[in-house]
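In what follows, a single structure is set out as C-alpha coordinates and then discussed.
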Amino acid sequence: MTDPHQYFTEATATLEPDVQGLVAGGLRRGRARRRRRQVLTTLASGGAVAVLALASVGVPQLLRSEAPVQPAGGGGGATESAQEEPTPSGVAPEPAQPRTLAVTPGQVPGVVADVIGGDVETVMAYPGDRDGVVAHFRWDGAYTTVFVDGFLEDRAPLAECRATAAQGMQCSSLPDGSAERQWQEQQPAADGGTTGRGLSLFTVDGWALEVISYNAAEPKSSVQTSPEPPISFDQMRQVVTSDAWFA
(Lines give C-alpha, C1' and ligand atoms only; values in the text may rest on other atoms or scores of the structure.)
Protein backbone atom coordinates (compact mmCIF):
# COMPACT_ATOMS: atom_id res chain seq x y z
CA MET A 1 0.00 0.00 0.00
CA THR A 2 1.30 3.47 -0.86
CA ASP A 3 2.28 5.45 2.24
CA PRO A 4 -0.23 8.36 2.22
CA HIS A 5 2.14 10.63 4.15
CA GLN A 6 5.00 10.07 1.68
CA TYR A 7 2.63 10.34 -1.29
CA PHE A 8 1.23 13.69 -0.24
CA THR A 9 4.64 15.00 0.80
CA GLU A 10 6.10 14.28 -2.64
CA ALA A 11 2.98 15.38 -4.48
CA THR A 12 2.81 18.76 -2.75
CA ALA A 13 6.52 19.47 -2.23
CA THR A 14 6.71 21.97 -5.09
CA LEU A 15 3.17 23.29 -4.95
CA GLU A 16 1.91 26.49 -3.41
CA PRO A 17 -1.87 26.00 -3.63
CA ASP A 18 -4.44 28.70 -3.05
CA VAL A 19 -5.87 26.82 -0.05
CA GLN A 20 -8.78 29.20 0.61
CA GLY A 21 -9.79 29.15 -3.04
CA LEU A 22 -9.56 25.38 -3.22
CA VAL A 23 -11.65 24.93 -0.11
CA ALA A 24 -14.28 27.46 -1.22
CA GLY A 25 -14.56 25.81 -4.63
CA GLY A 26 -14.70 22.38 -3.07
CA LEU A 27 -17.53 23.42 -0.79
CA ARG A 28 -19.53 24.78 -3.71
CA ARG A 29 -19.04 21.54 -5.61
CA GLY A 30 -19.87 19.53 -2.54
CA ARG A 31 -23.17 21.33 -1.92
CA ALA A 32 -24.21 20.82 -5.54
CA ARG A 33 -23.19 17.17 -5.43
CA ARG A 34 -25.08 16.54 -2.24
CA ARG A 35 -28.21 18.19 -3.64
CA ARG A 36 -28.01 15.81 -6.58
CA ARG A 37 -27.46 12.92 -4.19
CA GLN A 38 -30.62 13.76 -2.25
CA VAL A 39 -32.66 13.83 -5.46
CA LEU A 40 -31.24 10.48 -6.57
CA THR A 41 -31.89 8.98 -3.14
CA THR A 42 -35.52 10.07 -3.25
CA LEU A 43 -36.00 8.60 -6.73
CA ALA A 44 -34.40 5.34 -5.64
CA SER A 45 -36.39 4.85 -2.41
CA GLY A 46 -38.12 1.50 -2.32
CA GLY A 47 -35.59 -0.05 -4.69
CA ALA A 48 -32.38 -1.93 -4.06
CA VAL A 49 -29.18 0.11 -3.95
CA ALA A 50 -25.94 -1.64 -4.87
CA VAL A 51 -23.02 -1.11 -2.53
CA LEU A 52 -19.68 -0.86 -4.34
CA ALA A 53 -16.49 -1.73 -2.42
CA LEU A 54 -13.75 0.84 -2.98
CA ALA A 55 -10.41 1.67 -1.42
CA SER A 56 -9.97 3.25 2.00
CA VAL A 57 -11.42 6.71 2.58
CA GLY A 58 -8.77 8.17 4.66
CA VAL A 59 -6.17 5.97 5.37
CA PRO A 60 -6.04 4.53 8.43
CA GLN A 61 -2.59 3.42 7.83
CA LEU A 62 0.44 5.58 7.51
CA LEU A 63 2.24 2.51 8.83
CA ARG A 64 3.14 0.19 5.96
CA SER A 65 2.40 -3.39 6.98
CA GLU A 66 1.43 -6.80 5.70
CA ALA A 67 0.18 -7.79 9.14
CA PRO A 68 -3.57 -7.64 9.85
CA VAL A 69 -4.82 -4.68 11.84
CA GLN A 70 -5.87 -5.39 15.39
CA PRO A 71 -9.33 -3.87 15.90
CA ALA A 72 -9.78 -1.97 19.14
CA GLY A 73 -12.71 -2.76 21.38
CA GLY A 74 -15.61 -0.67 22.57
CA GLY A 75 -17.55 1.02 19.81
CA GLY A 76 -20.73 1.58 21.80
CA GLY A 77 -22.98 -0.16 19.28
CA ALA A 78 -23.62 -3.39 17.39
CA THR A 79 -20.24 -4.47 15.97
CA GLU A 80 -20.10 -5.92 12.47
CA SER A 81 -17.08 -7.39 10.71
CA ALA A 82 -15.85 -5.44 7.70
CA GLN A 83 -16.04 -8.68 5.72
CA GLU A 84 -19.71 -9.40 6.46
CA GLU A 85 -22.58 -8.64 4.13
CA PRO A 86 -24.90 -5.82 5.22
CA THR A 87 -28.07 -6.98 6.92
CA PRO A 88 -31.36 -5.78 5.37
CA SER A 89 -32.81 -3.10 7.61
CA GLY A 90 -36.19 -2.40 6.07
CA VAL A 91 -37.11 1.08 4.87
CA ALA A 92 -34.13 3.42 4.54
CA PRO A 93 -34.28 6.59 6.67
CA GLU A 94 -34.69 9.98 5.08
CA PRO A 95 -31.29 11.47 4.12
CA ALA A 96 -30.01 14.05 6.60
CA GLN A 97 -29.41 17.63 5.52
CA PRO A 98 -25.66 17.86 4.86
CA ARG A 99 -23.78 20.21 7.15
CA THR A 100 -21.29 22.72 5.75
CA LEU A 101 -17.63 22.41 6.69
CA ALA A 102 -16.62 25.41 8.79
CA VAL A 103 -12.81 25.06 8.91
CA THR A 104 -9.86 25.42 6.55
CA PRO A 105 -7.04 22.84 6.49
CA GLY A 106 -4.76 25.09 8.51
CA GLN A 107 -7.34 25.42 11.28
CA VAL A 108 -7.60 21.67 11.95
CA PRO A 109 -4.80 21.40 14.57
CA GLY A 110 -6.28 24.35 16.46
CA VAL A 111 -9.70 22.71 16.57
CA VAL A 112 -8.15 19.58 18.07
CA ALA A 113 -6.33 21.65 20.69
CA ASP A 114 -9.56 23.48 21.54
CA VAL A 115 -11.43 20.20 22.02
CA ILE A 116 -8.91 18.11 23.99
CA GLY A 117 -6.12 20.56 24.84
CA GLY A 118 -2.44 19.99 24.11
CA ASP A 119 0.23 21.89 22.18
CA VAL A 120 0.07 21.54 18.38
CA GLU A 121 2.63 22.09 15.64
CA THR A 122 1.43 21.84 12.03
CA VAL A 123 3.46 19.65 9.67
CA MET A 124 1.21 19.76 6.59
CA ALA A 125 -2.41 20.70 5.84
CA TYR A 126 -4.37 20.63 2.57
CA PRO A 127 -7.89 20.17 1.13
CA GLY A 128 -9.33 16.65 1.09
CA ASP A 129 -10.27 14.74 -2.04
CA ARG A 130 -14.01 15.06 -1.39
CA ASP A 131 -14.62 18.64 -0.26
CA GLY A 132 -12.95 18.18 3.11
CA VAL A 133 -9.71 18.92 4.98
CA VAL A 134 -6.64 16.94 6.00
CA ALA A 135 -3.92 17.89 8.48
CA HIS A 136 -0.76 16.22 9.75
CA PHE A 137 0.62 17.80 12.92
CA ARG A 138 2.31 17.05 16.22
CA TRP A 139 0.16 16.97 19.34
CA ASP A 140 2.36 17.30 22.43
CA GLY A 141 5.24 16.14 20.22
CA ALA A 142 3.48 13.04 18.84
CA TYR A 143 2.57 12.71 15.15
CA THR A 144 -1.17 13.07 14.58
CA THR A 145 -3.41 13.04 11.51
CA VAL A 146 -6.99 14.29 11.17
CA PHE A 147 -9.25 13.78 8.15
CA VAL A 148 -12.67 15.38 7.65
CA ASP A 149 -13.98 14.46 4.21
CA GLY A 150 -17.06 13.35 2.30
CA PHE A 151 -18.03 9.74 1.64
CA LEU A 152 -16.57 7.92 -1.35
CA GLU A 153 -20.03 6.91 -2.56
CA ASP A 154 -23.70 7.55 -1.82
CA ARG A 155 -24.23 4.89 0.81
CA ALA A 156 -25.27 4.52 4.43
CA PRO A 157 -22.71 5.19 7.20
CA LEU A 158 -22.25 1.52 8.16
CA ALA A 159 -21.86 0.50 4.51
CA GLU A 160 -19.28 3.26 3.98
CA CYS A 161 -17.41 2.18 7.11
CA ARG A 162 -17.27 -1.43 5.92
CA ALA A 163 -16.32 -0.56 2.35
CA THR A 164 -13.35 1.56 3.44
CA ALA A 165 -12.07 -0.70 6.22
CA ALA A 166 -8.78 -2.56 6.01
CA GLN A 167 -8.72 -6.30 6.64
CA GLY A 168 -9.51 -7.13 10.26
CA MET A 169 -11.14 -3.82 11.10
CA GLN A 170 -14.66 -3.81 12.50
CA CYS A 171 -17.44 -1.26 12.25
CA SER A 172 -20.03 -0.44 14.89
CA SER A 173 -23.50 0.94 14.17
CA LEU A 174 -24.41 3.73 16.59
CA PRO A 175 -27.92 4.60 17.85
CA ASP A 176 -28.18 7.79 15.79
CA GLY A 177 -27.49 5.92 12.52
CA SER A 178 -23.82 6.86 12.29
CA ALA A 179 -21.00 4.29 12.33
CA GLU A 180 -17.68 4.07 14.15
CA ARG A 181 -14.45 2.20 13.51
CA GLN A 182 -11.45 1.75 15.81
CA TRP A 183 -8.04 0.18 15.19
CA GLN A 184 -4.60 -0.05 16.74
CA GLU A 185 -1.38 -1.69 15.52
CA GLN A 186 2.33 -1.73 16.14
CA GLN A 187 4.79 -1.80 13.25
CA PRO A 188 7.08 -3.61 13.24
CA ALA A 189 5.08 -5.97 15.41
CA ALA A 190 8.08 -6.67 17.66
CA ASP A 191 8.78 -4.58 20.74
CA GLY A 192 10.07 -1.15 19.94
CA GLY A 193 7.93 -0.53 16.86
CA THR A 194 5.81 2.57 16.41
CA THR A 195 2.18 2.15 17.45
CA GLY A 196 -0.66 3.82 15.58
CA ARG A 197 -4.21 4.21 16.89
CA GLY A 198 -7.20 5.49 14.96
CA LEU A 199 -10.91 6.19 15.32
CA SER A 200 -13.29 7.05 12.48
CA LEU A 201 -16.86 8.36 12.55
CA PHE A 202 -19.17 8.10 9.53
CA THR A 203 -22.11 10.48 9.94
CA VAL A 204 -25.67 10.27 8.64
CA ASP A 205 -25.15 13.37 6.49
CA GLY A 206 -22.21 11.94 4.56
CA TRP A 207 -19.08 13.06 6.43
CA ALA A 208 -16.18 10.82 7.46
CA LEU A 209 -14.00 12.09 10.33
CA GLU A 210 -10.87 10.28 11.51
CA VAL A 211 -8.16 10.90 14.11
CA ILE A 212 -4.88 8.94 14.05
CA SER A 213 -2.33 9.18 16.88
CA TYR A 214 1.22 7.78 16.93
CA ASN A 215 3.62 7.32 19.82
CA ALA A 216 6.45 8.89 17.82
CA ALA A 217 7.28 12.24 16.27
CA GLU A 218 7.15 10.60 12.82
CA PRO A 219 5.00 7.61 11.73
CA LYS A 220 8.00 5.39 11.00
CA SER A 221 10.39 6.69 13.64
CA SER A 222 12.04 4.17 15.94
CA VAL A 223 12.19 6.76 18.71
CA GLN A 224 9.02 6.63 20.78
CA THR A 225 7.62 9.67 22.55
CA SER A 226 5.49 7.51 24.87
CA PRO A 227 4.66 3.81 25.42
CA GLU A 228 1.26 4.24 23.72
CA PRO A 229 -0.22 6.82 21.31
CA PRO A 230 -1.02 9.77 23.58
CA ILE A 231 -4.55 10.51 22.30
CA SER A 232 -7.01 8.02 23.79
CA PHE A 233 -10.05 6.61 22.00
CA ASP A 234 -12.30 8.70 24.25
CA GLN A 235 -10.43 11.86 23.27
CA MET A 236 -10.62 10.88 19.60
CA ARG A 237 -14.36 10.44 19.98
CA GLN A 238 -14.60 13.94 21.46
CA VAL A 239 -12.77 15.31 18.42
CA VAL A 240 -14.82 13.56 15.72
CA THR A 241 -18.17 14.36 17.41
CA SER A 242 -17.34 18.03 18.04
CA ASP A 243 -19.67 20.63 16.54
CA ALA A 244 -16.65 22.83 15.77
CA TRP A 245 -16.11 21.22 12.36
CA PHE A 246 -19.41 22.35 10.81
CA ALA A 247 -21.39 25.55 10.41
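Can you compute the radius of gyration and Dmax for the range 168-226, using only the Cα atoms, both in Å?
Here Rg and the maximum Cα pair distance are 14.2, 41 Å.
Calculate what fraction, in whole %, of the accessible area of the range 150-207 sits on carbon and sulfur atoms when a 1.4 Å probe is rolled over the protein chains. Mind dumping the intermediate values first?
On the way: 910 of 1840 Å².
With neighbouring chains kept in place, the figure for the range 150-207 is 49 percent.
Full extension from A244 to D205: what is 0.36 nm times the residue separation minus their Cα-Cα distance, to one decimal in nm?
Working: separation 39, 0.36 × 39 = 14.04 nm, distance 1.57 nm.
Fully extending the segment from A244 to D205 adds 12.5 nm.
Quick one: length gained pulling Q97 to M124 fully straight, 0.36 nm per residue minus the C-alpha distance? Numbers along the way, then the final one.
Values: separation 27, 0.36 × 27 = 9.72 nm, distance 3.07 nm.
Gain on extension, Q97 to M124, equals 6.6 nm.
For the range 117-171, what is the accessible area per residue in Å² when the probe is 1.4 Å? Please report the intermediate quantities before stating the final value.
On the way: 1740 Å² over 55 residues.
Heavy-atom accessible area per residue stands at 32 Å².
Within the set of other residues whose C-beta is less than 12 Å from the C-beta of I116, count the net charge using Lys and Arg as +1 and Asp and Glu as -1.
Details: positive: R237; negative: D114, D119, D140, D234.
Local charge sum for I116: -3.
With Cβ to Cβ distances under 14 Å as the rule, what net charge do the other residues near S213 carry (K, R +1; D, E -1)?
Details: positive: R138, R197, R237; negative: D140, E185, E210, E218, E228, D234.
Cβ neighbours under 14 Å give a net charge of -3.
Would you mind calculating the gained length between V223 and D114 on full extension (0.36 nm times residue separation, minus the Cα-Cα distance), in nm to one decimal?
Values: separation 109, 0.36 × 109 = 39.24 nm, distance 2.76 nm.
Fully extending the segment from V223 to D114 adds 36.5 nm.
The values are calculated or read from the model by the stated rules, or taken from the named source; none is laboratory data. Keep in mind it's a predicted model, so treat the numbers as computed, not measured. Reconstructed Cβ throughout: ideal geometry from the backbone, glycine too, with neighbour counts over all protein chains shown. These area figures cover heavy atoms from the full protein model, side chains too; ligands, DNA and RNA do not enter into them. Shrake-Rupley method; radii C 1.70, N 1.55, O 1.52, S 1.80 Å.
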